[in-house]
Amino acid sequence: MSKTKKVPNRWFIFTSAWIIIFLVASIAIFSVFSEPMTKLHGWSSADYNLAYSLYTLIFAIVAIFAGMITDRYGVKWLMYIGGLLFGLGWFLTASVTTIPMLYVTFSLIAGSGAGMMYNSALVTAMRWFPDKGGKISGLLLSSAAIGPFILSPIAAMIIERFGVLVSFRILGIVFFIGVWA
């Protein structure tokens, strides 16, 4: 009796990658939180905005290593760990009271999670579509632009309704569930 390995549908792989990149691109909505966070804590905009720069730096460094891990061991557990860190970083940002804490929760934790997922999701989906490389990469990259376009007004609405701190928690949970699903 031979066991046949079930091969996933490549469009499911693509859809998963599209959603992950859509959510990871949420870094672009960080500016929506700027005014309420700086007012709440009395921080300067420059100190707050440095969290964005650190996030992108950490994202880039981690993405390099994530690419090597993906090539060697596969992507599945990297995505789970990345999703956990990404959601946890956003969630924990609700608890920060100092700029260094912001840099740890948002820049380091969320940035590391995003770095683990972005390139790995893109490369994995591309491998499933050797016949449609340009089309698939274009669609995946479009999710990085569509994400902030859709999520910015949603984040603003959540902030207005629940406050800035609860909004970080809500988005952290949504991002975690979205990636893990």
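The values are calculated or read from the model by the stated rules, or taken from the named source; none is laboratory data. Everything numeric in this text was worked out from a predicted model, so none of it was measured. No Cβ is skipped: glycine too gets one built from the backbone with ideal geometry, and neighbour counts run over all protein chains shown. Note: accessible area is taken over every heavy atom of the protein model, side chains too, but ligands, DNA and RNA are not part of it. Shrake-Rupley method; radii C 1.70, N 1.55, O 1.52, S 1.80 Å.
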#### Entry: Answer residue from region 109-134, given it is free of Cβ contacts under 8 Å to residues at least 60 places away in the same chain and open to solvent by 40 Å² or more (accessible area, probe 1.4 Å) and is nearest to L84 (Cα to Cα) among those
N119
### Task
Take region 66-86 and flag every residue that is under 21 Å from F176 (Cβ atoms) and of a type in the set (K, R).
K76
### Query
For region 1-96, which helices (runs of 4 or more DSSP H) that fit wholly inside it have 2 or more residues that are small (G, A, S)?
10-24, 45-73, 76-93
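Just give me the residues in region 135-153 being over 30 Å from E35 (Cβ atoms) and surrounded by 12 or more Cβ atoms within 10 Å (Cβ to Cβ), in sequence order. I'd like the intermediate steps shown before the answer.
Within region 135-153, the first condition is being over 30 Å from E35 (Cβ atoms), and the residues that meet it are 135-140.
Hits for region 135-153 are I136, S137, L139, L140.
Report, by residue number, each residue of region 53-63 that is surrounded by 12 or more Cβ atoms within 10 Å (Cβ to Cβ) and either free of Cβ contacts under 8 Å to residues at least 40 places away in the same chain or not aromatic (F, W, Y) (or both).
Initially, region 53-63 is screened for residues surrounded by 12 or more Cβ atoms within 10 Å (Cβ to Cβ), giving 54-63.
The answer is L54, T56, L57, I58, A60, I61, V62, A63.
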